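Below is one structure; the comments refer to it alone.
Coordinate-derived values only; no laboratory data. Bear in mind that the values here come from a model prediction, so they are computed numbers and not experimental data. Backbone-built Cβ (ideal geometry, glycine too); neighbour counts: all protein chains shown.
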Amino acid sequence: DQQVKQNSPSLSVQEGRISILNCDYTNSMFDYFLWYKKYPAEGPTFLISISSIKDKNEDGRFTVFLNKSAKHLSLHIVPSQPGDSAVYFCAASNTNAGKSTFGDGTTLTVKP
Amino acid sequence: NAGVMQNPRHLVRRRGQEARLRCSPMKGHSHVYWYRQLPEEGLKFMVYLQKENIIDESGMPKERFSAEFPKEGPSILRIQQVVRGDSAAYFCASSPFTGGEKLFFGSGTQLSVL
């Protein structure tokens, strides 16, 4: 029973264009959502997060949107840069539970 | 300010041997999490510990796996009598708070079982 799903294993975009990564969740108890970025042979690094009381959070080129009724969130990267090429993990948690549940990741390739 | 330190980076074991993976959290962090990433899969939660306490071990296999986070020293993930299916990347993460906040990950230990 996968509670956090990233249905696109990979995404390829042209440099300068927008990258949109999607994530769906099933557990209505989740109230905090995070995106992590991972390069090969390294651990994931935190990118951006959003609380369930908000529907949008922006940090520079990165924006996360949350649609609670659809149990869906997305990460927008604009403009995309070749250095953004990495695996992106969506994660969800309940602020009373501690642990985060991760999706399987989406490999983003930004072509120069 | 050192990040989360994991060692070894690579560990090779033969079937039936024991594997010990170590994790030193960031300074000031008292919450440690272990995740496992099997080939072509995502990060799967294993266990959440605070100093001297296991808070949530719902992701730990029932046998052969154990974890500890002593008062002094690093957190240890121990796998007894390893099998080929244990081959994976094991990541440790730490945080200063409980409550689903962002995690700081180490670079992982790649365990290969021959």
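In what order do A:ILE53, B:ILE54 fall by count of nearby beta-carbon atoms within 10 Å, going from fewest to most? Write out the running numbers ahead of the final one.
Details: A:ILE53 9, B:ILE54 14.
Ordered by Cβ neighbours within 10 Å, fewest first: A:ILE53, B:ILE54.
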Reachable aspartates and glutamates from B:LYS27, criterion Cα separation under 17 angstrom, eight or more residues apart if same chain: B:GLU52, B:GLU72, B:GLU101
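With charges only on Cβ, +1 for K and R and -1 for D and E, what is the dipole size of chain A about its Cα centre, in debye, rounded to 20?
On the way: 11 positive and 10 negative charges, 18 e Å.
Dipole size: approximately 80 debye.
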Distant-in-sequence amide H partners of A:THR109 (H built 1.01 Å from N, under 5 Å): A:LEU11, A:SER12, A:VAL13
Unit charges at the beta carbon, dipole of chain B: most positive-side option, B:MET60, B:HIS10, B:GLY106: B:HIS10
For segment A:1-59 versus segment B:5-40, the gap between their alpha-carbon centres in whole angstrom: 24
Spacing of the two label points (7 Å from each Cα toward its C-beta) at A:LEU11 and A:HIS76, in nm: 1.2
Net charge over other residues, Cβ less than 9 angstrom from the Cβ of A:PHE46 (K, R count +1; D, E count -1): +2
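Tally Lys and Arg at +1 and Asp and Glu at -1 over the other residues with C-beta under 13 Å from the C-beta of B:GLN110: what net charge comes out? Before the final figure, lay out each step's value.
Details: positive: B:ARG9, B:ARG13, B:ARG36; negative: A:GLU42, B:ASP86.
So the surrounding residues net to +1.
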Net +/- balance of residues flanking B:GLY42 in space, Cβ distance below 11 Å, scoring K and R +1, D and E -1: +1
Cα-based reach from A:LYS71 at 22 Å (exclusive), listing lysines while leaving out same-chain residues under 8 positions away: A:LYS5, A:LYS37, A:LYS54, A:LYS56, A:LYS99, B:LYS44, B:LYS102
Amide hydrogen neighbours beyond the local backbone of B:GLN17, cut-off 5 Å, H modeled: B:VAL82
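As an exercise, use a Förster radius of 35 Å and the Cβ-Cβ distance of A:LYS54 and B:GLU52 to find the FRET efficiency, rounded to the nearest 0.05. Numbers along the way, then the final one.
Details: r = 36 Å, r/R0 = 1.03.
After rounding, the FRET efficiency stands at 0.45.
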